[in-house]
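The values are calculated or read from the model by the stated rules, or taken from the named source; none is laboratory data. Note that the structure is predicted; figures quoted are calculated from it, not measured. So basically every Cβ, Gly included, is an ideal-geometry build from the backbone, and we count neighbours across all protein chains shown.
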Amino acid sequence: MKSIKNLFVIFLVAVLFEACSPPNKNFAGSEYMPDMGHSVAYEANIYNYYYYNTWDSMSTFRLKELSMVRTPVKGTVPRGYAGIYFAGDMAAQREMAGVLRGEDAVNTIAVPVNGHVPYYYGNNEDERVRATAEIVGNPFPISDAEMAEAKELYNIFCGVCHGEKGDGNGYLVSEENPNSKYPVVPANFLTDEFVSANNGRYYHAIMYGKNVMGAYADKLSYEERWQVIHYIRSLQAKDRSLTYNETENTLNPVFGTPKSQLIMPEEPVMEDHEEAMDAGEAAHDDAHHSGGH
């Protein structure tokens, strides 16, 4: 009887150990009501490592990583503006953008502005130089309506440092701010260096940041980044008494094409149905009479 009791105790202990085995690779582990013991719910006001009610160091993670945009599954095609960069030239890119945004036809489907777009440049100085050299134009045309939106975006995310005029005299470093203490002077976009720089210099900085400036890739969507670059060009043009809008670009034609200068596909001319029927009947009668002679 005692041996049976001992066997039962041993069996019970083995079951308890097995019921609490941790996960390992493809094995999900086994535990009685694991969600109660190891909650994965968000903790309010926690930004750093999440360690509450977790198994061990392998089960801790940063809350920031949970909210970051995920890379699409390998081998899949993400839904968004990714097709633009596969176009052969600037004209083809704009045409592709029009199709994706549903502007050129009634049966196209506009995709979200935050659609995933691959960026083939790394976060280092050599890649920044390469992006500056290779990314010249803007895939979106200069539009007055979008320029108004870009102004608001620029003032929210950029103007506080680079200034509303783009002169590098934002509120954080301005004499108007009695508490201004900034370790590095923000870039002045109105200098010859920045006016002559290709658009890639701006886009790369938005994607990864530069010096004390942080990255804004998670704050500005793909199209919004290019809108802000358009607006910076308009500030440069204004400072030099030039024009940069949807009608004309006298700053530098390679940096942006005005919307009014795009060659849009002609709409097919549809004849009135009744007139077409009458014309068809008249042609049939003429052919009939000609055959009777």
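Checking 224, 176 one by one, the residue that is surrounded by fewer than 14 Cβ atoms within 10 Å (Cβ to Cβ), acidic (Asp, Glu) and more than 22 Å from residue 130 (Cβ to Cβ) is 176 and no other. Scanning region 128-140 for residues that are modelled with pLDDT of 90 or more, surrounded by 15 or more Cβ atoms within 10 Å (Cβ to Cβ) and either over 18 Å from the mean Cα position of the chain (by Cα) or not small (Gly, Ala, Ser) (or both) yields 128, 130, 132, 135, 138.
Can you find, within region 185-220, the residue that is farthest from residue 123 (Cα to Cα) among those that are among the charged types (D, E, K, R) and under 19 Å from the mean Cα position of the chain (by Cα)? Looking at the filtered set, the residue picked out is 219.
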